[in-house]
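Engineer: Okay, here's the structure, questions in a sec.
The values are calculated or read from the model by the stated rules, or taken from the named source; none is laboratory data. Nothing here was measured: the structure is a model prediction, and the numbers come from that model. A quick note on method: Cβ atoms are made from the backbone with ideal geometry, for glycine too, and the neighbour counts reach across all protein chains shown. Surface accessibility is based on the protein's heavy atoms, side chains included, excluding ligands, DNA and RNA. Shrake-Rupley method; radii C 1.70, N 1.55, O 1.52, S 1.80 Å.
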Amino acid sequence: MPFSPGPRPSSTLDGMDAVLFDLDGVLTPTAVVHMHAWARLFTPVLAAHGAAPYSDADYFAFIDGKPRYDGVHSLLASRGIELPWGDPSDAPEAETVCGLGNRKNAVFTEVLRTEGVTPYPGSVALVDALIAAGRRVAVVSSSRNAVPVLAAAGLTDRFGVVVDGLVAAARALPGKPAPDTYLDAAAQLGVPAERAVVVEDAESGVASGRAGDFGLVVGVDRGAGAATLIAHGADLVVQDLADLLADDVETQTTDTIDGSTPL
Ligand SMILES: [Mg+2]
């Protein structure tokens, strides 16, 4: 039996030809950058409207996993603030939903540029093991910043297919929790949904995996909670994507170091 060096995907992923990864919270801890930027955006806006101050809990309740303008609308609605929707071409100074979304993006880009982002080591290990095993991988993100985030994290070369918020808008694909962006990525990889895995950390994301009848929906618990992710469509929940590597990797490594397993 040929010896395969390095980590490999666990048997949980057997029969799955492609793995479709959400970006923010799955591959990169982008939430830290986003939360910083959302707070910088909304703190003065909510103060100007005399509304309850913005807190990080608002991020998880109203913004996480949604297309940006939907997140702005949802947060404003939670405070009873109604602004015109506006247009995506609105300037960042405009007092519209789109204007605020564009303003947040400018803040985010600046924070990303100055601070960068380090990907989750366990996620990178799984992606590399999948690629080494000949599986296909893609990124499916609601974000319009997926490309600069992948670049800041040093992950660009690993993903030939990226379906992000810009692609979705250009093709008129509805965002998560609709399954369309995931189905589009699977189609681009030439893999049927039943042989593809969706990996998500947000309620709306696992819901889109379930709605698309994908072969497996994996929830990554970065704070949403395992029970919540399962309730919204995850088949299983892990704390770290390294949990989807074969269990005997450490044994293999130890054996190799010990020299007890001939290569
Ligand atoms: Mg996410």
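Engineer: To the nearest 10 square angstrom, what accessible area does residue 155 show with a 1.4 Å probe?
Structural biologist: Estimated to the nearest 10 Å², residue 155 gives 10 Å².
Engineer: Restricting the calculation to Cα positions, tell me the Rg (one decimal) and the Dmax (whole number) of the range 31-115 in Å.
Structural biologist: 11.8, 34
Engineer: Sort the range 53-171 into rounded, prolate or oblate with this rule: let a ≥ b ≥ c be the square roots of the eigenvalues of the Cα gyration tensor; rounded if a/c is under 1.5, and if a/c is not under 1.5, prolate when a/b is larger than b/c, oblate otherwise.
Structural biologist: Values: a/c = 2.21, a/b = 2.00, b/c = 1.10.
Prolate.
Engineer: So, one more: Provide the per-residue ³J(HN,Hα) series for the range 43-49, in order, calculated from phi with Karplus coefficients 6.51, -1.76, 1.60 and θ = phi - 60°, each as a whole number of Hz, with x at glycine and proline positions.
Structural biologist: 3, x, 5, 5, 4, 5, 8
Engineer: Please report, in debye to the nearest 20, how large the charge dipole of the chain is about its Cα centre when each Lys and Arg carries +1 at its beta carbon and each Asp and Glu carries -1 there. Could the numbers behind the result be given before it?
Structural biologist: Values: 17 positive and 34 negative charges, 133 e Å.
Taking the Cα centre of the chain as origin, the dipole is about 640 debye.
Engineer: Provide the packing ranking of 17-27, 111-121, i.e. peptides ordered by the mean count of other C-beta atoms within 10 Å per residue, highest first.
Structural biologist: 17-27, 111-121
Engineer: Hey, got the Cα dimensions of the chain along the principal axes, in Å, largest first?
Structural biologist: Ordered largest first, the chain gives principal extents of 69, 35, 33 Å.
Engineer: Next question. What is the dipole size for the range 31-115, taken about its Cα centre, with +1 at each Lys and Arg Cβ and -1 at each Asp and Glu Cβ, in debye to the nearest 20? Show your work: numbers first, answer last.
Structural biologist: Values: 7 positive and 11 negative charges, 24 e Å.
Result for the range 31-115 is approximately 120 debye, rounded to the nearest 20.
Engineer: Note down the accessible area of residue 89, probe 1.4 Å, to the nearest 10 Å².
Structural biologist: Roll a 1.4 Å probe over it and residue 89 shows about 100 Å².
Engineer: Right, another one. With θ set to phi - 60° and the Karplus curve 6.51 cos²θ - 1.76 cosθ + 1.60, what are the ³J(HN,Hα) couplings of the range 228-237 in order, to the nearest whole Hz, using x for Gly and Pro?
Structural biologist: 5, 5, 5, 4, 9, x, 6, 7, 8, 10
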